[in-house]
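One structure is given below, encoded as structure tokens.
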Amino acid sequence: MSKTVVAALVGALILTAGVAPAAADDYPSWDDVQAAKANASSAQAEADKISGLLAQLQSTANAAGDLAIKRAGEYGTAETNLQAATAKSDDLAQQSAAAAAKADRLKAQSGKLAAQLTRSGTSDVSLRVFLSANDRSPADSSLLYQLGAMSRLADQASSLFAQATAQKNVADALSAQAAAAQRIRDRLAQDAETALQAAQAAKAAADAALSEQQTRANTLYAQLASLKNTEASVERSYAEGVAARAAAAAAANSGGGADGFAPPPGVVVDPAGAQAYAQSRLPAYGWGGTQMACLIKLWNQESGWRADAYNTSSGAYGIPQSLPASKMATAGSDWMTNGNTQIDWGLGYISGRYGSPCGAWSHEIAYNWY
């Protein structure tokens, strides 16, 4: 995908998200920073401007990430619908073929009986029975038996023909249903392809916004540090800490857990590996085995420990079902695809909001969200 296309996607994303992007000339140069350092008020104003630009960059990247997850979720739903429609179409086609084959067998059996009756000459047997009406000989019983047998064969042939006709009607009806299901399946296939393209475009836009944010942030943090006579790493850590605390403090109803999936390119879904990683992180919070048992129950209910779990109603995403999904950016820029990053954010959120996984699980039991 060309840089021009990506830039257009980012622009469209910004308009959709309602986040105003900073123009290139809004960013301060190093000359601006050095000039601002001449007096305290100018330095503070420039520092505030830089802080605002950093927040704006993060908001833009977050909005891009949230839209990418939304589009991926729409693709996940379209793919699920397509799979169901394909299964139904295939099943109806198989039923139709089986019904047609059965109708052919019944028709063939009916035809064989009809041919047998023709060869046996039913009318000849009837005539002989009539002529011998006054001549009771030992052959009479044999003739009557033959006539009864021929009558039964005729009834059987008629019954088989009726069954063949009914089965043919069933086959025709199933064939019509299969054709209708195939048309629906074809439409859903197109919907899924369109959704996939939209998801890929949104992911490309999110990646572009993240790259822009990271590139600009490196310079802006260095400029901010220069204005404050600190280090860029100190300013970055402080800003990230503030953002992480704000995200952890903001509780949001995730809607009762995931009911779909949103698979952005590169996502790793490994529930067992995710649980093992979470187990390794608990000691950092002073939590023991009991807390892990609660955490397993909590995230089993919320997401099944899937990194691509998605709530189609609320938009909550990931193993901890973050809402909005981009809250997890405070734990790492790879939050869309890395389950470990999602877990790091989720554990921090649980610690800050509920004190422990068991506290979060108690809230989940009571309200169906945490």
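The values are calculated or read from the model by the stated rules, or taken from the named source; none is laboratory data. Here the structure is a predicted model, which means the values were calculated and not measured. Every residue, glycine as well, gets a Cβ built from its backbone with ideal geometry; the counts of neighbours run over all protein chains shown.
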> Under the condition of being closer than 12 Å to S96 by Cβ and touching a Leu at 6+ places or on another chain (Cβ under 8 Å), which residue from segment 156-176 is modelled with the highest pLDDT?
Replying inline: L174
>> Looking at R216, R187, can you tell me which residue is of a type in the set (D, E, K, R), part of a helix (DSSP H, G or I) and in contact (Cβ under 8 Å) with a residue 12 or more places away in the chain?
In response: R216
>> Restricting to segment 72-88, and then to whatever is farther than 22 Å from Q177 by Cα and in contact with a strand residue (DSSP E or B) (Cβ under 8 Å, 6 or more places away or on another chain), can you tell me which residue is surrounded by the fewest Cβ atoms within 10 Å (Cβ to Cβ)?
In response: T77
>> Residues that are farther than 13 Å from A93 by Cα, touching a helix residue (DSSP H, G or I) at 6+ places or on another chain (Cβ under 9 Å), at pLDDT 85 or above and surrounded by 14 or more Cβ atoms within 10 Å (Cβ to Cβ): does segment 177-185 have at least one?
In response: yes
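Matching residues to (1) outside any helix (DSSP H, G or I); (2) surrounded by fewer than 21 Cβ atoms within 10 Å (Cβ to Cβ):
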residue	(1), (2)
G304	yes, yes
M328	no, no
S333	yes, yes
M336	yes, no
Q342	no, no
I350	no, no
R353	no, yes
A366	no, yes
>> I need the full set of residues from segment 241-284 which are of a type in the set (D, E, K, R), at pLDDT 80 or above and in a helix (DSSP H, G or I), in order please.
In response: R281
